[in-house]
1. Treating only the Cα positions of segment 56-202 as identical point scatterers, give the base-10 log of I(q)/I(0) from the Debye formula at each q in 0.11, 0.15 Å⁻¹.
2. Can you figure out the FRET efficiency of Arg20 with Glu221, using R₀ = 25 Å and their beta-carbon distance, to the nearest 0.05?
3. Could you work out how much longer the chain between Tyr350 and Arg131 gets when fully extended? Use 0.36 nm per residue separation minus the Cα distance between them, nm to one decimal.
4. Collect residues whose amide H, placed 1.01 Å from N in the peptide plane, falls under 5 Å from the amide H of Leu132; neighbours closer than 5 in sequence don't count.
5. Using only the Cα atoms of segment 53-143, construct the convex hull and provide its projected area averaged over every direction, in square nanometres to one decimal.
6. Have a look at Asp180, Asp104, Asp122 and tell me which one the Gaussian network model of the chain (Cα, springs below 10 Å) gives the largest fluctuation.
7. Run the numbers for Lys387 and His264: contour at 0.36 nm per residue of separation, minus the present Cα-Cα distance, in nm.
8. What distance in nm separates the two pseudo spin-label positions at Ser29 and Lys301, each 7 Å out from Cα along the beta-carbon direction?
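The values are calculated or read from the model by the stated rules, or taken from the named source; none is laboratory data. Since the model is a prediction, treat every value here as computed from it, not as a measurement. Cβ placement follows ideal geometry from the backbone for every residue including glycine, while neighbour counts extend to all protein chains displayed. What goes into the accessible areas is simple: the full protein's heavy atoms, side chains included, and nothing from ligands, DNA or RNA. Shrake-Rupley method; radii C 1.70, N 1.55, O 1.52, S 1.80 Å.
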Amino acid sequence: MRVPLLDLSEQYRALSEEIRAAADEVLASQRFILGPKLTEFETAAAQYCGAPHAIGVSSGTDALLAVLMALEIGLGDGVLTTAYSFFATGGCIARVGATPVFIDIDPETYNISGPGLRRYIDKNCHRVEGRLVNENRQTIVALVPVHLFGLCCDMNEMLAVAREHNLLLIEDAAQAIGADYPRDGGSAKAGTMGDAGCFSFYPSKNLGAAGDAGLVVCRNEQFADRLRICRQHGMEARYQHQFIGGNFRLDELQAAILKVKLPHLDGWSAARREAAKFYTDEFRQIGLDKKIKLPVEPYAKSKLTNHHIYHQYVIRLPRRDELRQHLGEHEIETAIYYPLALHEQPCFEYLGYKPGDFPEAERAARESLALPIYPEISRKAQQYVVKCVAEFFK
Ligand SMILES: Cc1ncc(COP(=O)(O)O)c(C=O)c1O
């Protein structure tokens, strides 16, 4: 039995008429850039997230880049972030001329470690005129936590650190649209708690476009205006460029398709969560939780619906590569997110990190394995995955 890592064809079949109609409408209008579909999607996305402002952009990468540029983060600045994420998180910080300052992860959640963050600040930073300055004389201006695999970071701690040290807080919520975090007795959605939240609608995301697409949400109206200008090369009045931005626009076709898909997102995330529960229950039932580390659900008790949106179902074990090979031989697709921690990437060699600097991120890169998960995955396919994992340990 072949089990793909992800198969969204059923999802498309169910919505194909609506998606085609929406795309046809855009084609008939011949309005492709900054038109009504973008506004409609932005309004719907802002409402869904519970954020006052949403700005459609060309990708998750460009969401991060536009935010960093609009905040004028650059040369001489240090930006704290996780050592374990997709490249764009660190790449965008470096692209604006700032220095990514990596922090190790919590081995349970794979998200940036709160204690690790505080340890770095206490050990390596001092205060100069109210600003945090590190050992390399970079002014630490921002913190970019990533809600990895669909689980929110410890945002209370992130917000506390940001407040204490006067840092901008930019949430990389590329993998976590709709994920809830327990806050003030209620909940808040990923991306809405900091100064800006960045989302990716890369096709494989829980909410995927038909190409590249992204979004920024924020609370501050002036900042939202600045981002809208930033996504048009910093242009306010026509051909008058107030500051340097880029072409970060979300096009009408993508916006129209995303608008059709958005109302289904919570249903898809619920189906992913059910699939995750099935894996976890099955693995536990046959005692495999003693051999592989299963995903944790730190906010499950808070009774939040989307306490985890399972963008990925990630297990870990020391013999990861062998298991991956075994599953591959049984036609089960898996993925490694990510085989290298960010400080291990060749392009970041110039930052001077060495092996062992972030042991948990390095260990996760060696041991983590994403199993097939998507809303429509059948229990039969999952049973087959569990059976093949069990066979591996026999
Ligand atoms: C954590 C994280 N940040 C940023 C991005 C960049 O998003 P995009 O691929 O839409 O540019 C991704 C996409 O995979 C991601 O997973």
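1. Each listed q maps to, in turn, -0.36, -0.68.
2. 0.10
3. Length difference between fully extended and current span is 76.4 nm.
4. Correct list: Ile140.
5. The number I arrive at for segment 53-143 is 6.7 nm².
6. Highest fluctuation of the listed residues: Asp122.
7. 41.2 nm
8. For Ser29 paired with Lys301, the spin-label model returns 4.9 nm.
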